[in-house]
Amino acid sequence: MNEKNRILLIDDNRTVFRLLEAIVRLKGYHLLYAENGQQGIVKARQEQPDLVLLDVMMPDIDGFKVCQYLKDNADTKDIPVLFLTARGAEGDLEAGRRAGADGFMTKPFQTIEVLNQIKRMLD
């Protein structure tokens, strides 16, 4: 099993969770799940995952604000954040960078691309 193997997905779409869980399990990663921004912030602080995969569009707090909170908080500031979102316009990329994101991928995603990004961020 990987030394760094705990990933938190913050996404309001449970189908994305099930798909990613199947993908990352093959590589020995354990996927935690939060279905909204507030729950994701709490879970990130409690669980201290090795990586956060974060959607932008969520019903309570958008992903940019969640990322900014995680990066501004002493307990979570060093956890890498990879946006995984359907929003991929240049303005979204810039908003992600301003929020402190470490990476940005758009949905729909390719399995190998997600695994490569995860490996890059955890190595």
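The values are calculated or read from the model by the stated rules, or taken from the named source; none is laboratory data. This structure is a prediction, so every number in the text was calculated from the model and none was measured. A quick note on method: Cβ atoms are made from the backbone with ideal geometry, for glycine too, and the neighbour counts reach across all protein chains shown.
Residues Ala34, Ala89, Ala95: which one is out of contact with any Ser or Thr (no Cβ under 8 Å at 6 or more places or on another chain), surrounded by fewer than 16 Cβ atoms within 10 Å (Cβ to Cβ) and either under 18 Å from Gln117 (Cβ atoms) or without any contact (Cβ under 8 Å) to a residue 60 or more places away in the chain (or both)? Break it down into steps so the answer makes sense when it comes.
Details: Ala34 fails: surrounded by fewer than 16 Cβ atoms within 10 Å (Cβ to Cβ); Ala95 fails: surrounded by fewer than 16 Cβ atoms within 10 Å (Cβ to Cβ).
Result of the check over Ala34, Ala89, Ala95: Ala89.
Which one is farthest from the chain's Cα centre (by Cα), of the residues in region 72-123 that are in a loop (DSSP other than H, G, I, E, B) and β-branched (Val, Ile, Thr)?
Pass one, region 72-123, residues in a loop (DSSP other than H, G, I, E, B): 73-80, 86-89, 100-102, 107-110, 123.
After this cut, where a residue has to be β-branched (Val, Ile, Thr) as well, the list is 76, 79.
Details: Thr76: 13, Ile79: 10 Å.
The extreme case among them is Thr76.
Among the residues of region 6-35, which ones are under 15 Å from Val52 (Cβ atoms), hydrophobic (A, V, I, L, M, F, W, C) and either assigned to a loop (DSSP other than H, G, I, E, B) or out of contact with any Asp or Glu (no Cβ under 7 Å at 6 or more places or on another chain) (or both)?
Leu9, Val16, Leu20, Val24, Ala34
Does Gln39 qualify as being more than 14 Å from the chain's Cα centre (by Cα), polar (S, T, N, Q) and at pLDDT 95 or above?
Numbers: more than 14 Å from the chain's Cα centre (by Cα): no; polar (S, T, N, Q): yes; at pLDDT 95 or above: yes.
Criteria not met by Gln39.
In region 50-88, which residues are within 20 Å of Val16 (Cβ to Cβ) and small (Gly, Ala, Ser)? Full working, then the answer.
Going through region 50-88, the residues within 20 Å of Val16 (Cβ to Cβ) turn out to be 50-67, 70, 79-88.
Gly63, Ala86, Gly88, listed by residue number.
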